[in-house]
Structures are given as C-alpha cells and as structure tokens.
Amino acid sequence: MLIINDLNVHYGGIHALRGISIDVPDNKIVSLIGANGAGKSTTLRSIMGIVKSTSGEIIYKDNDISKSKTKDIVEHGLALVPEGRRIFPDLTVVENLTLGAYWRKDKQGIQKDMNWVFELFPILKEREWQKAGTMSGGEQQMLAVGRALMTKPQLLAMDEPSLGLAPLIVKDIFNIIKEIHSQGVTILLVEQNAKAALEISDYGYVLETGSVALEGEGKKLLNDDQVRKAYLGEAI
Amino acid sequence: MEIKEFLQHLVNGISLGSLYALLAIGYTLVYGILRLINFAHGDIFMISTYAGFYLMSSAILPWWIAFLLAIILTCILGILVEKAAYRPLRDAPRISLLISSIGMSYLIENLAIVFFGGRPKTFPIPAIFDRIITIGSVKIPTLSFIIPVITIIILAILLHIVHNTKTGMAMRAVSTDYEAARLMAIDVNKIITFTFAVGSTLAAVGGIMWGMKYPSLIPLMGVMPGIKCFIAAVVGGIGNIRGAVLGGFILGLGEIMLVAFMPALSGYRDAFAFILLIFILLAKPTGLMGKNLAEKV
Ligand SMILES: Nc1ncnc2c1ncn2[C@@H]1O[C@H](COP(=O)(O)OP(=O)(O)OP(=O)(O)O)[C@@H](O)[C@H]1O
Ligand SMILES: [Mg+2]
C-alpha cells in the first residue's frame, strides 16, 4: 500500500533521514521504533508532505506522493495523528471532528464516521461541546485520533499515541488501534512503548540515526536480543 | 450640556466608533492568522475611498453600483497585497513580514500621491445619505443612522461566518496551528487569502462611509485612522473580533466625548487613543477581551 524507497530528508544541514526504505502492506499494522532523534517523526511527516524529502520515493497505491501537497495526500486516504496531539484548543470537540472531515462532501458518511468515533471514544460524546484545550491529556489524545479518523483514512499513521498517558489508558489506546485496524484501516505506528507496539504489529522497523537498523516481523523483533536490550530495557 | 446636545454627540461617537470597529477588525483578523501587524491596512482603507470617489465622479454608474465596485476593487487589492508582500515570506522570520508590510504601506501611499495627487478631493455624497432627520429637537443626518446599522449587519454576518461555517472553523484552526490544519486537508493559503479578502472588504465598507462622513480625501488619510484602529484592536485584545469592535467603540465614543466635554483639550483628540493604549497596556496587557496567548514566534 505504501512503499518508501531510499528516502533522504535534510533539515538545513542536518541529514535526518539517510536512505530509509519501508514497506507498509495493505491491511497490516507496521511499527517504527527507535531512540529519540532517530527520525521516526520525520518519516511520518515526510509521508504527509509536511517536510519535503531531498531524494527518494514515497509510493502510495502506485503513485509517487513525495512531491504532493499535504491536502492532496490526505484526500488520497492518508492521515497522521501528529506528535503532541495538536488538537485545536479553542475549538469544541465537535468542531475539531468536523474539521477532520473538512474536505469531504458525503454528509451521511461524515455523520456515520462521527458516530463511529463517539462509539470508540464515548468520553468525546460526553464532552461534545467542551473546548478541546480544556480537556485532559488522554481525552485530547483520543480527540486527535478521532479527528484523524474523520478524514476517512485508508492508512492511519500515529506518532506516539501513548505518550504521557496513564498505563490504564495506554492499554485502551492500543485496544482502540486494534479496533480501528479491524475496520480495514492500515496502521503505521511510531511508539516509544516498543513492547506494546510490537505485540500488536505484523511487522516492525528499528530506526537508528536516520537509517533502518533492523526489521522483521513484530514477534521476531520482540525476541531479538539487540531490540530487547536497547528498546525494551531488558537485561540480557 | 443639554441633553439634546449630548445625544448629538452620542450619535456622532457611535458613528465614528462603528467606522473604527470596521477597520480594527481587519487588523485583528490578519494578526490572528499571520501574527502580523498589517501596516498597509490603513492604506487599503484609503484606496477604497478614492475608488469610491472616482467611480462616483464618473457619474455614469448609480451610486450603489459605484460603491459595490469600489468595495470589490479594494477586496482584490487586499488579496494582491497578501500575495505579493506576505505569501513569499510564509516561512521567513516575522520581522521580515513586518518590514514588508511597512514597505507595502509606503508604496501604496506614494503611488496614491502620484496618481491621485496631493490636493484634497471631495467625496461626492449620494443625495439619499445627505438628508437630515429631526427627532424631537435633535437633528441627525441619515448617515449617522446608516453607519451603525450597516456595521451591525456586517458584524453579524462576520460572526456567523467565523463561528458557524466550515470556512470560519478553518480560519480559527489555521490561526492556532498551520500544520495541524494542513493535516485536515485545509488549504492554508486559501484561508489566509479569504481572511485578507474579508478584512479588506470591511475596510472598504468603512472607507466609503468614512468618505461620506468626512468627505475630504488625501493620500495619507489612512495613516491616522490606521494607527488608531490598530490601537483599538490591541485595546480590545488583538486576535479577538468582539474585542476589536469594543475597542473601536471605546475609541470613537471617547474621542468625541473628550472634545465635547472638554473643548479645551480638543487639540489632544488624536492623543486620546495613545493615552488609552498606555493605560490598557499597563492594566491588562492582553487587552480587554484578550486571553493570555503564548507568543507565537
Ligand atoms: N524542524 C527541524 N529542524 C531541524 N532539525 C530537526 C527538525 N525536526 C527534527 N529535526 C532533527 O532531525 C532528527 C530526527 O528527528 P525526529 O523528530 O524525526 O526524531 P524522532 O525519532 O521522532 O525522535 P523522538 O522519539 O524524540 O520523537 C533529530 O536529530 C532532530 O533534531
Ligand atoms: Mg518523534
């Protein structure tokens, strides 16, 4: 579904991605893990056209989208839950969700998806008219996921959805990711919580200073000595 | 002072306040979305009065078509200013944007001097705005009614757009986070263009009514109202539409009442805005209706 080929990204003089190649097959959950500054967010941001790559291809459904505008990328079915939530704090919950569907014209479909989001996150329904900025961190994270779902993605990328959440809510978030996936949405997940991420993933990539250091099936990576030592914090 | 006289001043203050409010909204909208003080805004206001003047003087068009055309032309000018002077600097430091807007302001002023001439022109007032209504013993020009009424109608439309339409929602989203807005498939440039169109249209409506109320036009006539309305926007809390309106009315009414109650101070009429600004900045730096927004650099 999404194939990244030898992607390079520079921020001024910083060479943030050094020839990354990643494959996200249709209907799978793929995880990117790696230390701080490895280039995980940069990968997701370049997929969405927020940062422009200096070379390489990003093929989505047989089209190279590496030069496309974010707006077109979203309309083609890709969505990102950005790092740090980035909900619109002055807008209400419903307004945030409505903006997710900004480009869509199918009124009934929008209503249906809104109901689906409220099913996934009942708390959002309760807080329908609350200003998003006044909600708790966990609620804001749910809103960020809900808002991305309203764009009607076929591939949903999430940048550290569990960051800063209480352990119980982290469990909820991973369950929700599985639930979204079961509705036919392909998932590309960036997580610090490597264990939980790999457990639900079909495939995983380990990034190190802008390159893919290791890749393999989720279960395989979970049992890999190197991964366990470096990212799962286990003593071996 | 007699009640009759007071009412007369009140009516005048409300008209002036309305005009200030219309102009102040443009500052607040653009600041909200670009974090830019659009120095060219007062000059765009000036151009609208000249556009009205020339279209009216052609004497071919009925007044309302002339006014409508003047408003449309001004709206287009506002959009062009944004495209030419601000869009290329989207990723530049804010100070570059500020300098660009000062440059734009001088450019428009000087082009106006070249093409319109420095000598004052007299705005032709359509007869229907030139009548006087007598209520009891108070004489009020029709214009003094029309100005606040039109202002209120326009305000209602604007607030409706900003709060109840998708475009308005997108405006509010873009003004807090460009990147998140882009992720919602919002075309940020389009929303910024729309914001300038709205701001310039409001300035033009205000400009034409200004031309009828104060019919002497000169190329630098936008400077003082521009500065005052920027102050009005800051006093109300920049970025906040209702705040800009409140600031505009406080300034307009305050100015008129100052001159009315203390004629000896009438020479300080223009200083009133600055004194008000100083007091507000000391007492409530974010403005009367402003919230404590973190500086977006
Ligand atoms: N806007 C930017 N300007 C300059 N350098 C940047 C920018 N964004 C990221 N970088 C640099 O690029 C590298 C990769 O950053 P990135 O945000 O992709 O890392 P990450 O893997 O998401 O890290 P984290 O786990 O901390 O979120 C880092 O060295 C970072 O400093
Ligand atoms: Mg990151």
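Values as computed for the structure displayed
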| item | result |
| --- | --- |
| Relative packing of peptides B:65-75, B:43-53 - highest average C-beta neighbours within 10 Å first | B:43-53, B:65-75 |
| Amide hydrogen neighbours beyond the local backbone of A:SER21, cut-off 5 Å, H modeled | A:ASP6, A:LEU7, A:VAL212 |
| Prolate/oblate/rounded call for the range B:1-60, Cα gyration tensor, a/c under 1.5 rounded | oblate |
| Only Lys, Arg (+1) and Asp, Glu (-1) charged, at Cβ; the protein assembly as shown dipole about Cα centre in debye | 1340 |
| Unit charges on C-beta of K, R, D, E only; dipole of the range A:86-152, Debye | 240 |
| In sequence order, calculated HN-Hα J values of the range A:152-161 (Karplus, 6.51, -1.76, 1.60; Hz; x Gly/Pro) | 6, x, 9, 10, 10, 9, 10, 9, 6, x |
| For residues of A:48-58, the mean tally of beta carbons on other chains within 10 Å | 1 |
| Candidates A:THR43, A:THR209, A:THR151, ranked by Gaussian network fluctuation over chain A, Cα under 10 Å, top entry | A:THR209 |
| Förster radius 22 Å - calculated FRET efficiency between B:ASP91 and A:ILE14, Cβ distance, rounded to 0.05 | 0.85 |
| For chain B, built as a Gaussian network whose Cα springs stay under 10 Å, the top-fluctuating residue of B:SER266, B:SER105, B:SER15 | B:SER266 |
| Long-range amide H partners of A:LEU207 with built H, under 5 Å | A:ILE33, A:GLY34, A:ALA213 |
| 24 Å Cα-Cα threshold exceeded, pairs from A:LYS69/B:LYS166; A:LYS112/A:LYS195; A:LYS152/B:LYS83; A:LYS40/A:LYS229; A:LYS69/A:LYS178 | A:LYS112/A:LYS195; A:LYS152/B:LYS83; A:LYS69/A:LYS178 |
| Percent antiparallel among DSSP beta bridges (both partners in the protein assembly as shown, rounded to 5) | 60 |
| Cβ-derived FRET efficiency at R0 60 Å, A:SER55 paired with B:PHE115, nearest 0.05 | 0.75 |
| Protection proxy ranking, peptides A:170-181, A:8-19, average beta carbon neighbours within 10 Å, highest first | A:170-181, A:8-19 |
| Sorted by Cβ neighbour density within 10 Å, fewest at the top, the residues B:SER58, A:SER21 | B:SER58, A:SER21 |
| Test item: B:90-100 mean partner chain Cβ contacts at 10 Å | 0 |
| For the range A:105-112, 3J(HN,Hα) per residue [Karplus equation, 6.51 cos²θ - 1.76 cosθ + 1.60, θ = phi - 60°, Hz, x = Gly/Pro] | 10, 7, 3, 5, x, 4, 4, 4 |
| Label-point separation, A:ALA35 to A:LYS229 (7 Å along Cα→Cβ), nm | 1.3 |
| Long-range HN-HN contacts of A:LEU80 with modeled amide H, under 5 Å | A:ALA157 |
| For chain A, share of DSSP beta bridges that run antiparallel, in % to the nearest 5 | 55 |
| Packing-based exposure ordering (other Cβ within 10 Å, fewest first) of B:ARG87, A:ARG127 | B:ARG87, A:ARG127 |
| Prolate/oblate/rounded call for the protein assembly as shown, Cα gyration tensor, a/c under 1.5 rounded | prolate |
| Karplus-derived HN-Hα couplings along the range A:6-17 (A = 6.51, B = -1.76, C = 1.60, θ = phi - 60°), whole Hz, x at Gly and Pro | 6, 7, 10, 10, 10, 10, x, x, 7, 8, 7, 10 |
| Inter-centroid distance (Cα atoms) of the range A:82-124 relative to the range B:247-292, Å | 43 |
| Global form of the range B:3-283, assessed from the alpha-carbon gyration tensor, a/c cut-off 1.5 | prolate |
| Exposed trypsin sites (Lys or Arg not before Pro) absent - longest run of chain B, DSSP non-H/G/I/E/B, at most 13 other C-beta within 10 Å | B:132-268 |
| Cross-link reach list, aspartates and glutamates versus A:LYS171, counting only Cα pairs under 20 Å and skipping chain neighbours closer than eight places | A:GLU83, A:GLU119, A:GLU139, A:ASP159, A:GLU160, A:GLU179, A:GLU191, A:GLU199, A:ASP202 |
| Relative contact order, percent, the range B:3-283 [alpha-carbon distance under 8 Å, six or more residues apart] | 39 |
| FRET efficiency for A:SER21 and A:GLN183, using Cβ-Cβ distance with R0 set to 35 Å, rounded to 0.05 | 0.80 |
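Values quoted throughout were computed directly from the atomic coordinates according to the rules given, and no laboratory measurement underlies them. Model, not experiment: these values are computed from the prediction. FYI the Cβ positions are ideal-geometry reconstructions off the backbone, even for glycines, and counts take in every protein chain you see.
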